[in-house]
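Heads up: the structure comes next, in structure tokens.
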Amino acid sequence: MAVSSTQWTAPRLLIASWGVFGVLGVLSQALFRLTPLALEPVQKGMLEPYQWVIYVVWAVLNLYTEGYKGFQRGFNPRVVARAVHLAHHPKPLHVILAPAFCMSLFYATRKRLIVSWSLVIGITLVVVLVRQLDQPWRGIVDIGVVTGLGYGAAHLVVVFFKTLVAGETPTTDSLPARASTG
């Protein structure tokens, strides 16, 4: 769906912004909570030389897999495309729940719903397990999450503003077939 900047009325802009910045709020909350834990092993000098290697390699690996592959190539374009769709086809409940709508947690294809909810459940389980780790291992795991989330959050803002300014709306196949008719 190509959307020119002239099609952005104030209500549409507000709806799309609520969806995208609501998602950004979820990501930012995790970043603010995890960053101090990720930096603690470095700040307190807890890392052995081999742990430093793991810390750096894990951060770079997650920057690529979570940040680039997960967020830049998948999640972010889908979030923005769904925000644009919602802005141009608003339904009251969808607008109220815009961040969840943009994360494909409802009103999505069956496959996308399964993948999205599986990720939510899987991430929740991993969070519970990682909380059991002692430092410096928890910090090592968390630095990967922080680098991937940080990159992903920043890229989400870029994709959204490109859409607003240049009309470069990403496409998505996550909407149900009936979405094109109404």
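Structure data summary
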{"quantity": "Relative exposure of Ile54, Ile123, judged by other C-beta atoms within 10 Å (fewest first)", "calculated": "Ile123, Ile54"}
{"quantity": "Percent breakdown of C-alpha pair distances by 10 Å bin, ordered from the shortest bin, for region 25-120", "calculated": "13, 34, 28, 16, 8, 1"}
{"quantity": "Extension gain (nm, one decimal) between Ala177 and Val60, 0.36 nm per residue minus Cα-Cα", "calculated": "38.3 nm"}
{"quantity": "Three-way shape call for the chain based on the alpha-carbon gyration tensor, with the a/c threshold at 1.5", "calculated": "prolate"}
{"quantity": "Sequence-separation-based contact order of the chain, relative, with Cα cut under 8 Å and 6+ spacing, percent", "calculated": "45 percent"}
{"quantity": "Alpha carbon convex hull of region 1-74, volume per residue in cubic angstrom", "calculated": "110 Å³"}
{"quantity": "Shape category assigned to region 99-182 from the gyration tensor of Cα positions, a/c cut at 1.5", "calculated": "oblate"}
{"quantity": "Longest exposed-site-free window of the chain, the sites being trypsin sites (Lys or Arg not before Pro) in a DSSP loop that have at most 11 other C-beta atoms within 10 Å", "calculated": "45-130"}
{"quantity": "Cα gyration tensor category, rounded, prolate or oblate, for region 115-154 with a/c compared to 1.5", "calculated": "oblate"}
{"quantity": "Cα-centred dipole magnitude for region 1-155, charges only on beta-carbon of K, R (+1) and D, E (-1), debye, nearest 20", "calculated": "680 debye"}
{"quantity": "Additional length obtainable on full extension of the chain from Lys162 to Gln29, 0.36 nm per residue less Cα span", "calculated": "45.5 nm"}
{"quantity": "Residue-averaged 222 nm ellipticity for the chain, from DSSP H runs of 4+ at -39500 (n - 2.57), nearest 500", "calculated": "-22500 deg cm²/dmol"}
{"quantity": "Stretchable slack from Ala10 to Ile96, in nm (0.36 nm times residue separation minus alpha-carbon distance)", "calculated": "29.3 nm"}
{"quantity": "Burial ordering of Thr35, Thr9, fewest other beta-carbon atoms within 10 Å first", "calculated": "Thr9, Thr35"}
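Read-outs: derived from the displayed coordinates by stated rules, not from any lab. Just so we're clear, the structure is a prediction, and the values are computed from it rather than from any experiment. Every residue, glycine among them, receives a Cβ derived from its backbone with ideal geometry; neighbour counts consider all protein chains shown.
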